[in-house]
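Only one structure is covered here, and it is reproduced in the block below.
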Amino acid sequence: MNKVLKLILEGEQLSSEQMARVLELTPAEVEAQIAQLKDEKILLGWRPVLNPSFDEETRVRAVIELKVSPEVSGGFDRVAERISQFDQVESCYLMSGAYDLLVIVNADNLYKVANFVHNRLARIDGVLSTGTHFMLRAYKESGYAIAASEAPERLPVTQ
Amino acid sequence: MPKSGIRDFFAIVSQMKDAVSLGIGEPDFVTPFHIRDVAISALERGHTSYTDNRGLIALRKEISKYVAANYGAEYNPETEIITTVGVSEALDAVLRAILNPGDKVIYHEPCYVSYCPSIKLCHAEAIAVETKAEDKFAITIEALRKAWQPGVKALLINFPTNPTGGTASRELLEEIAKFAIEKDMLVISDEIYSELTFDGNHTSIVSIPGMRERTVFLHGFSKAYAMTGFRVGYACGPADIIDGILKIHQYGILCAPTISQEAAIEALRNGRKSMLEMREKYRERRDFIVRRFNELGLRCHSPRGSFYAFPDITSTGLSSMEFAKGLLSAERVAMVPGTAFGSCGEGFCRASFSTSYANIDEACLRIERFLKSLKH
């Protein structure tokens, strides 16, 4: 694996200068490699990971299961790519099993999710049915456990 | 008997809020969850009673398989293995089991802080053999021969070594073995860092013909599986020595914590993948810190094992203690002076690379600033 990518995936959030020192590159070389990873659509980008309870009074999240009629040319792609265009859609996946697309949606309130499902998703040609589930509480978000446990006390110097 | 030199340092560092510590002698990983999960289940199921003094037989059977597969010696789980509260207890108990007042033990320095005091606590004489940077801190047979004297009952070795990362090749271990047989010495081998051997395979002295019957093999779970707080280790050896250890353990400790023993079984059965992942991270961090120290002009060999770098700080003109204290007060970076591990650690400091890239990087930038300030 690309060394820059490996370091990014370790999750330490190092600056280009720090990565350059670790990898024996110049900061410009690190940045060029990151740009290339983006060009190749290997690295799609960075986003902060917020605790969902931070804005729970003004945001709701829902997962929506969609059954979709596949098309002769392109299968599910046209519908899935169209759905992915909406700003409310955080993620969109083709699934195996009882339904076809899994869509994760963010909105200001329950009614906006309802409207989105009713006025947008359900009306797309090829969508056969929808099943909406609201998220109640997050316990782990993008790899970060949220439980309110205190970090264990560690000795700064040991034998 | 003096306190461990590390304790004084700890007292200073623990007062500092923004210190960057390269002083931590334990994995910076939390125990892999599958191991903790087994401990949780053990509690849920109420496995809270004592175990056999020697430890759970299921654990001893796993230890027997693991040691046979990885270290080349077979031990009977019924009679030749005992589970202890970390290697620390195993070391203390084996010394107390074999030593009479006035006996002598050879060990190599710089070394883990407890070796010399543990020997002295048995009213025995501790004979230090210096190891040197030019030998990558492996013991040499010449130094060993020179140190030997009548009355030496045992040789205590620790490869890979805390604090130097020194290791011993098979050829060297064969020479040591030959010498131990010639002088009829027991060998106590503390192999706690053995899984953290980065280049090539670890060889245990116990695998050398003629050594199994005169070696006490000490090992545990703290470093390989990031289980320091579980406090579980073990000793393998001839049944008569294990019986001696058993008596001390039985009266002093009774048994290693039951929940920790169950977690240890899981570590041996399913922990290899996590162990290898952690080792790879240590290796990458080793390469980084060693390169940075050398770039800064602090000559540092690449340790073949452990998670400690042991840079030479003599180019600064300071003693180990002056360097460590100066660095701590000027730049708030904690490294342990080499003299905490024996007087021949003078001229060196121990830097643990069991920490994040960001910490190592920041520490090295601060050390660079500190070195520049010394030149003015």
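Throughout, read-outs are computed from the coordinates displayed, never taken from laboratory work. Just so we're clear, the structure is a prediction, and the values are computed from it rather than from any experiment. All Cβ positions, glycine included, derive from the backbone under ideal geometry; neighbour counts span all protein chains shown.
In table form, for the structure just shown:
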| read-out | value |
| --- | --- |
| Sites B:Arg36 and B:Thr314, calculated FRET efficiency, Cβ-Cβ separation with R0 51 Å, nearest 0.05 | 0.70 |
| Sequence-separation-based contact order of chain B, relative, with Cα cut under 8 Å and 6+ spacing, percent | 25 |
| Inter-label distance, nm, simple model (7 Å from Cα along the C-beta direction), B:Ser343/B:Asn201 | 4.1 |
| GNM result for chain B, Cα springs below 10 Å: residue of B:Ser343, B:Ser14, B:Ser204 fluctuating most strongly | B:Ser14 |
| Mean residue ellipticity (222 nm) of chain B, computed from DSSP H runs ≥ 4 via -39,500 (n - 2.57), nearest 500 | -13500 deg cm²/dmol |
| Value of D in µm² per second that Stokes-Einstein yields for segment B:33-270, Kirkwood Rh from Cα pairs, at 20 °C (1.002 mPa s) | 119 |
| Gaussian network model of chain B, springs between alpha carbon atoms under 10 Å - residue of B:Thr339, B:Thr51, B:Thr84 with greatest fluctuation | B:Thr51 |
| Rounded to whole Hz, the Karplus (6.51, -1.76, 1.60) HN-Hα couplings of segment B:129-134, x for glycine and proline | 10, 6, 10, 10, 4, 5 |
| The protein assembly as shown - convex hull of the alpha-carbon atoms, volume per residue in Å³ | 194 |
| Relative contact order for chain A, counting Cα pairs under 8 Å that sit 6 or more residues apart, in percent | 22 |
| Whole-percent pair-distance distribution, where bins are 5 Å wide, for the alpha carbons of segment A:52-136 | 3, 15, 28, 26, 15, 8, 4, 1, 0 |
| Gain upon complete extension [B:Lys65, B:Thr79; 0.36 nm per residue less C-alpha separation] | 3.6 nm |
| Interchain or long-range residues, amide H under 5 Å from B:Ile24's placed H | A:Thr158, B:Ser352 |
| Rounded to whole Hz, the Karplus (6.51, -1.76, 1.60) HN-Hα couplings of segment A:51-62, x for glycine and proline | 5, x, 6, 4, 10, 5, 7, 10, 9, 10, 10, 9 |
| Estimated dipole of chain A in Debye, rounded to 20 [Cβ of Lys and Arg +1, of Asp and Glu -1, Cα centre] | 380 |
| Under Karplus coefficients 6.51, -1.76 and 1.60, residue-wise ³J(HN,Hα) of segment A:81-92 in Hz, glycine/proline x | 5, 5, 4, 4, 5, 5, 4, 5, 7, 7, 8, 8 |
| Out-of-range pairs (alpha-carbon distance over 21 Å; input B:Lys3/B:Lys325; B:Lys65/B:Lys273; B:Lys325/B:Lys375; B:Lys136/B:Lys183; B:Lys65/B:Lys223) | B:Lys136/B:Lys183 |
| Acute angle (nearest 10 degrees) that the helix B:357-375 long axis makes with the longest principal axis of chain B, alpha-carbon atoms | 50 |
